[in-house]
Amino acid sequence: MSWSRDFVHDGEALRVSASGSGAEREVLVGDRRHAVRVVALPDGRVVLTIDGRQHVASAVRLDRGSVQVRVDGHTWMLPAHTGGRGGGSIDATGEVTAPMTGTVLEVAVAIGDRVTAGDTVAVVTAMKMEHRLTAQIDGEVVEVALAAGSNCDAGALIVRIE
Amino acid sequence: MESDPGGSVSFSRPMSRRIERVLVANRGEIAVRIFRSLAEQGIESIAVYSDADADAVHRNVADRSIGLGGSTAAESYLQIEKIIAAANEANACAIHPGYGFLSENAAFSRAVEDAGLVFIGPSGDAMERLGSKQAARIVADRAGVPTVPGCEDQGDDAALLAKAREIGFPVLVKASAGGGGKGMRLVDAEADFLAALKAGRREAQAAFGDSTMLCEKRVFPARHVEIQVLADAHGNAVSLHERECSVQRRHQKVLEEAPSPCVSPELRERMGEASVRLVREAGYRNAGTVEYLVDEDGSFYFLEVNTRLQVEHPVTELVTGLDLVALQVRIAEGASLDELLAGRDLTPRGHALEARIYAEVPEQGFLPAAGRLQHVVEPVGPGVRVDSGVATGSEVSVHFDPMLAKLIVHAPSREAACRRMAHALRESVYLGISTNVDFLCRVVEDPDFVAGRLRTDFLDLKPELASGPTDPPPELAYVAAAIARMVDAVGGGATSTGGGPVARPSAFQSIGGLRVWGGES
């Protein structure tokens, strides 16, 4: 039995794999080997014993293989390495995207408008709260991808500034 | 307790009808909490639900459930006619509104009573006298309760701006209706006033169907302290003391407690007396909350009355030993407080702390999160109470408030309550979406929080509590992730990528309540 995934750790790819069966398992994080004794709790959590210390953990799979893990009362997001698709460049390129699934309430700019970083370009509403989306860079609006009234998914492009 | 049979306000006709079946016009944790109390009282319960809530927990824990159709609140839980039709269909004799939605809607209270049903809450008239912040200020003035300098909205933005200028910036604009900080904006400078007012009006209209706003001087620095009151249909009212609710983000409470670490017995008594005067002046019946700002000198200023059960009511229940939902029902039946509280010592006992578990991203300005909760484990233990509206598999929708559950602890001292809360939070699992659980844990372990140094800007002064650790995940996180995913006990069994015969009870041998791996296959 085995399990394996490539994560992005501190900007670097990190392979994590696990093998074994029953109570005795082995996990390889990069090239570091950990012997783990496993006990499953009836509520779905697992107790790991590593070097004589016990840790309570639970983990679920999110989109594209990323894992959300909770261990000893701390939650961590472990982003999967999906090859090629680096994240985090949206601001620098002037893409204003929806922070969450909701509705575009207002688009305050039109194609051709000049905007300055910090200007409100759109307002998105979700769960009865309004969120003001601002330009991260100075530039010209080259695309308005969603109009007021449209539903938007988290991460959807609303306005592009160049 | 005070009695005022000869008072100037005419109270609603006392009802003597026994309530046997109650429809709860709400969802989530509060519906579940009310159902629990009803069941304990031997009262049948009816749930209503929107299409988006067809699989929701609250729908399944009532004795019967009736669909309202629609997805959004406006299409379902705010539909007065549909809710009353559901009550009639189920032969309910009373409606409990919970909090939010229609709970502070006078037209709803009246429509319920006009339909021959009991509204478990105040009369429409009393609600109007207190439910709008604007009207409540007038009642407070009459009752001799100090208010924050402020001004009323006549629907004219320019006029309100002129008045805001007179009060002096910074000011707060907020929805006159409702609560929960919806529509509220802090406006530091005149230039931002109209935009804030416009956004506030829109939020208020969407949340409460009323865009009337209120503009108030910002009392600062201050603590948010509120008094829980009970008032019956016979003119009696009693204070159940204060709750401290200063720890807020986006004007919404995050942690609440009773008693307040900052309120002396003398201040408690003065605030309690003022609150009792105020609700009696309004002819109010039901549980209710009178909210105040308390400044550094211990002066208190009336903010608003919440004419309903409050989200944070459990902390009062734990320190007084009362069931506020049961008392609401008995008051609605016409019972008097003399009878209900006879022989009760209402002095607060020990310390209670509540943490609101939200689906949100504290690291990104507390943006709400939505999605499927893939694994939920809620803590148990002495002095630990969880009022929850979710379970493993629950969908958290964008249509409703992102509060998932409330974790409430009770301990002999405040310090012990903080430790109990930290441990209970660590034991909690809400995985599948982002939540504020780790954030809450950081707050209750913060030295200033533990020392009781609370102000309404507590979280603003400590942005590091929201942003959390910036270190990359530790090695242990990867090891735990690999094992937990391989075992996939949450998913209910071995998956094609998983690692063996785990999640079935038969695969374990039970030892002392824990299931331990057996040696089979």
- Query: Is it true that some residue in the range B:359-372 is touching a Lys or Arg at 6+ places or on another chain (Cβ under 9 Å), over 17 Å from A:V60 (Cα atoms), aromatic (F, W, Y) and open to solvent by 20 Å² or more (accessible area, probe 1.4 Å)?
  - Reply: yes
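Name the one entry in B:V429, B:V409, B:V380 that is more than 9 Å from chain A (Cβ to nearest Cβ), surrounded by 20 or more Cβ atoms within 10 Å (Cβ to Cβ) and over 28 Å from B:P122 (Cα atoms). Can you show your working first?
Working: B:V429 fails: more than 9 Å from chain A (Cβ to nearest Cβ); B:V380 fails: surrounded by 20 or more Cβ atoms within 10 Å (Cβ to Cβ).
So the residue among B:V429, B:V409, B:V380 that is more than 9 Å from chain A (Cβ to nearest Cβ), surrounded by 20 or more Cβ atoms within 10 Å (Cβ to Cβ) and over 28 Å from B:P122 (Cα atoms) is B:V409.
For every residue, the table says whether it meets (1) in a helix (DSSP H, G or I); (2) more than 29 Å from B:V254 (Cβ to Cβ).
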residue	(1), (2)
B:D153	no, no
B:A162	yes, yes
B:L186	no, no
B:D192	yes, no
- Message: If I go through the range A:32-50 residue by residue, how many of them are open to solvent by 50 Å² or more (accessible area, probe 1.4 Å) and either within 21 Å of B:D471 (Cβ to Cβ) or at the interface with chain B (Cβ under 8 Å from one of its Cβ atoms) (or both)?
- Response: 3
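Filter the range B:465-483 for residues that are within 7 Å of another protein chain (Cβ to nearest Cβ) and open to solvent by 10 Å² or more (accessible area, probe 1.4 Å); which is farthest from the chain's Cα centre (by Cα)? If you could, list the steps in order and put the result at the bottom.
Our first condition is that a residue be within 7 Å of another protein chain (Cβ to nearest Cβ); within the range B:465-483, this holds for B:472-473, B:475-483.
Then drop every residue that is not open to solvent by 10 Å² or more (accessible area, probe 1.4 Å), which leaves B:472-473, B:475-476.
Numbers: B:P472: 35, B:P473: 34, B:E475: 38, B:L476: 36 Å.
Filtering first and then ranking leaves B:E475.
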- Query: Could you say whether any residue in the range B:149-156 is under 29 Å from B:V315 (Cβ atoms) and open to solvent by 20 Å² or more (accessible area, probe 1.4 Å)?
  - Reply: yes
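Confirm whether B:G272 is of a type outside the set (A, V, I, L, M, F, W, C), under 22 Å from B:V148 (Cα atoms), within 21 Å of the chain's Cα centre (by Cα) and in a helix (DSSP H, G or I). Step through it out loud before you land on a result.
Numbers: of a type outside the set (A, V, I, L, M, F, W, C): yes; under 22 Å from B:V148 (Cα atoms): yes; within 21 Å of the chain's Cα centre (by Cα): yes; in a helix (DSSP H, G or I): yes.
Against the criterion (of a type outside the set (A, V, I, L, M, F, W, C), under 22 Å from B:V148 (Cα atoms), within 21 Å of the chain's Cα centre (by Cα) and in a helix (DSSP H, G or I)), B:G272 qualifies.
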- Query: Only one of these conditions is not met by B:A231: (1) small (G, A, S); (2) within 28 Å of B:C262 (Cα to Cα); (3) surrounded by fewer than 22 Cβ atoms within 10 Å (Cβ to Cβ). Which number is it?
  - Reply: (3)
- Note on the structure: Going through (1) over 30 Å from B:I43 (Cα atoms); (2) surrounded by 18 or more Cβ atoms within 10 Å (Cβ to Cβ) one by one, B:E128 fails only at (1)
- Message: Please go through (1) facing another protein chain (nearest Cβ under 7 Å); (2) of a type in the set (G, A, S); (3) touching a residue at least 40 places away in the same chain (Cβ under 8 Å) for A:A13 and return the number of the only condition it doesn't satisfy.
- Response: (1)
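Scan the range A:2-16 for residues that are surrounded by fewer than 17 Cβ atoms within 10 Å (Cβ to Cβ) and in contact with a Ser or Thr (Cβ under 9 Å, 6 or more places away or on another chain) and report the count. Walk me through it before giving the result.
Residues of the range A:2-16 surrounded by fewer than 17 Cβ atoms within 10 Å (Cβ to Cβ): A:2, A:4, A:6, A:10-13, A:15.
Among the residues that remain, those that are also in contact with a Ser or Thr (Cβ under 9 Å, 6 or more places away or on another chain) are: A:2, A:4, A:6, A:15.
Total meeting the criteria: 4.
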- Can you give me the number of residues within the range B:2-50 that are at pLDDT 95 or above and either of a type in the set (S, T, N, Q) or more than 27 Å from the chain's Cα centre (by Cα) (or both)? 5
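Applying the selection to the range B:368-410, what residues are in a strand (DSSP E or B) and either touching an Asp or Glu at 6+ places or on another chain (Cβ under 6 Å) or in the same structural domain as B:D55 (by TED's automatic domain parsing) (or both)? Spell out how you get there, then give the answer.
In the first step, residues of the range B:368-410 are kept if they are in a strand (DSSP E or B); the result is B:368, B:371-372, B:375-377, B:384-388, B:395-396, B:403-410.
Within the range B:368-410, B:P368, B:R372, B:V377, B:V386, B:D387, B:S388, B:A405, B:K406, B:I408 meet the criteria.
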- Message: I'd like to know if the range B:105-128 contains one or more residues that are farther than 18 Å from B:D210 by Cα, in a strand (DSSP E or B) and free of Cβ contacts under 8 Å to residues at least 24 places away in the same chain.
- Response: no
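Restrict the check to the range B:454-464 and report whether at least one residue is open to solvent by 20 Å² or more (accessible area, probe 1.4 Å), touching a Gly at 6+ places or on another chain (Cβ under 8 Å) and either within 14 Å of another protein chain (Cβ to nearest Cβ) or at negative phi (or both).
Quick first cut of the range B:454-464, residues open to solvent by 20 Å² or more (accessible area, probe 1.4 Å) only: B:455-456, B:460-464.
Imposing the further condition that a residue be touching a Gly at 6+ places or on another chain (Cβ under 8 Å) reduces the set to none.
No - not one qualifying residue is present in the range B:454-464.
For (1) without any contact (Cβ under 8 Å) to a residue 12 or more places away in the chain; (2) within 13 Å of chain A (Cβ to nearest Cβ); (3) more than 21 Å from the chain's Cα centre (by Cα); (4) open to solvent by 10 Å² or more (accessible area, probe 1.4 Å), each residue gets a yes or a no:
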{"residue": "B:A164", "(1), (2), (3), (4)": "no, no, yes, no"}
{"residue": "B:R185", "(1), (2), (3), (4)": "no, yes, no, yes"}
{"residue": "B:G209", "(1), (2), (3), (4)": "no, yes, no, yes"}
{"residue": "B:V225", "(1), (2), (3), (4)": "no, no, no, no"}
- Message: Go through (1) modelled with pLDDT under 95; (2) among the hydrophobic types (A, V, I, L, M, F, W, C); (3) within 30 Å of A:I50 (Cα to Cα) for B:M421 and report which single condition fails.
- Response: (1)
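Yes/no per residue for (1) among the acidic types (D, E); (2) open to solvent by 40 Å² or more (accessible area, probe 1.4 Å); (3) touching a helix residue (DSSP H, G or I) at 6+ places or on another chain (Cβ under 6 Å):
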| site | (1), (2), (3) |
| --- | --- |
| B:R36 | no, yes, no |
| B:I43 | no, no, no |
| B:A52 | no, yes, no |
| B:L78 | no, yes, no |
| B:E81 | yes, yes, no |
- Set B:L318, B:L340: member being more than 27 Å from B:L102 (Cβ to Cβ), outside the structural domain of B:C441 (by TED's automatic domain parsing), among the hydrophobic types (A, V, I, L, M, F, W, C) and in contact (Cβ under 8 Å) with a residue 60 or more places away in the chain: B:L318
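The values are calculated or read from the model by the stated rules, or taken from the named source; none is laboratory data. Small disclaimer: the values here were computed from a predicted structure and weren't measured. Here the Cβ is made from the backbone with ideal geometry for all residues, glycine too, and neighbour counts use every protein chain on show. Note: accessible area is taken over every heavy atom of the protein model, side chains too, but ligands, DNA and RNA are not part of it. Shrake-Rupley method; radii C 1.70, N 1.55, O 1.52, S 1.80 Å.
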